[in-house]
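The values are calculated or read from the model by the stated rules, or taken from the named source; none is laboratory data. For clarity, every value in this text was computed on a predicted model and none was experimentally measured. As a convention, Cβ positions derive from the backbone with ideal geometry for all residues, glycine included, and neighbour counts pool all protein chains shown. Heads up: the accessible areas ignore ligands, DNA and RNA and are worked out on the full protein's heavy atoms, side chains in. Shrake-Rupley method; radii C 1.70, N 1.55, O 1.52, S 1.80 Å.
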Amino acid sequence: MEALWQRSPLTASEVCDEVCEKRGWSLATVKTLLSRLVAKNAIATEPDGRRFLYSPLLERADYTGSESRRLVDRLFGGRAAPLFAQLAEAEALTDDDIAEIEALLKELRK
């Protein structure tokens with residue numbers, strides 16, 4: 001999805017050029033994933049000769065919002081605080097991350 005959000009429409013080969021080396025994927029893996037995303041109505045296809053062009057149907061912000069909610073629901077019982085606690089305990093939060101979270105919390109309290 002990141003590749004398609006950055007630039008679209010793309011062919012399966014172009015998506016692979018963007019992600020395969022970084023993730024250790026093959027073109028067949030990309031095609032399988034694209035097919036699944038089409039079935040889920042996350043991306044659209046458009047015939048272009050003997051190939052297809054793929055474009056996102058979901059906005060990045062909408063997708064990340066729903067996936068974040070699912071993560072919190074599934075792993076932390078619907079509560080975000082334990083997620084932040086886990087990240088803090090694992091030292092996965094930088095000082096910049098903490099400052100950004102604090103600023104967001106201040107905004108939410110207004």
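Which whole-number percent is the relative contact order of the chain (Cα, under 8 Å, 6+ apart)?
Relative contact order of the chain: 19 percent.
Determine the per residue accessible area of segment 37-110 with all protein chains present and a 1.4 angstrom probe, expressed in square angstrom.
83 Å²
Given the chain, what whole percent of its Cα pairs are spread farther than 25 Å?
It works out to 42 percent of all Cα pairs.
Could you tell me the convex hull volume per residue, in Å³, taken over the Cα atoms of segment 10-74?
105 Å³
Taking the Cα atoms only, what angle lies between the long axis of helix 27-39 and the longest principal axis of the chain, rounded to 10 degrees?
Orientation of helix 27-39: about 70 degrees from the principal axis.
Could you tell me what percent of the accessible area of the chain is made up of carbon and sulfur, with a 1.4 Å probe and every protein chain present?
51 percent
On a 0 to 90 degree scale, rounded to 10, what angle separates helix 95-109 from the longest Cα axis of the chain?
80 degrees
Which residues' amide hydrogens lie under 5 Å from the amide hydrogen of Ala44, considering only partners 5 or more residues apart or on another chain, with H built in the peptide plane?
Residues meeting the amide H criterion: Ser55, Leu57.
Nearest 10 degrees is fine. How inclined is helix 60-76 to the longest principal axis of the chain, computing both from alpha carbons?
Around 60 degrees separate the two axes.
Please report, to one decimal in angstroms, the Kirkwood hydrodynamic radius of segment 62-110 built from all distinct Cα-Cα pairs.
It works out to 11.8 Å.
For Ala103 and Val38 in the same chain, what is the full-extension length gain: residue separation times 0.36 nm, less their Cα-Cα distance, in nm?
Extra length from Ala103 to Val38 when fully extended: 19.7 nm.
Enumerate by residue number the GluC sites (Glu not before Pro) in segment 1-106 meeting two conditions: DSSP loop (anything except H, G, I, E, B), and at most 15 other Cβ atoms within 10 Å of the site's Cβ.
Counting only loop positions with at most 15 other Cβ atoms within 10 Å, the GluC sites (Glu not before Pro) in segment 1-106 are Glu59, Glu91.
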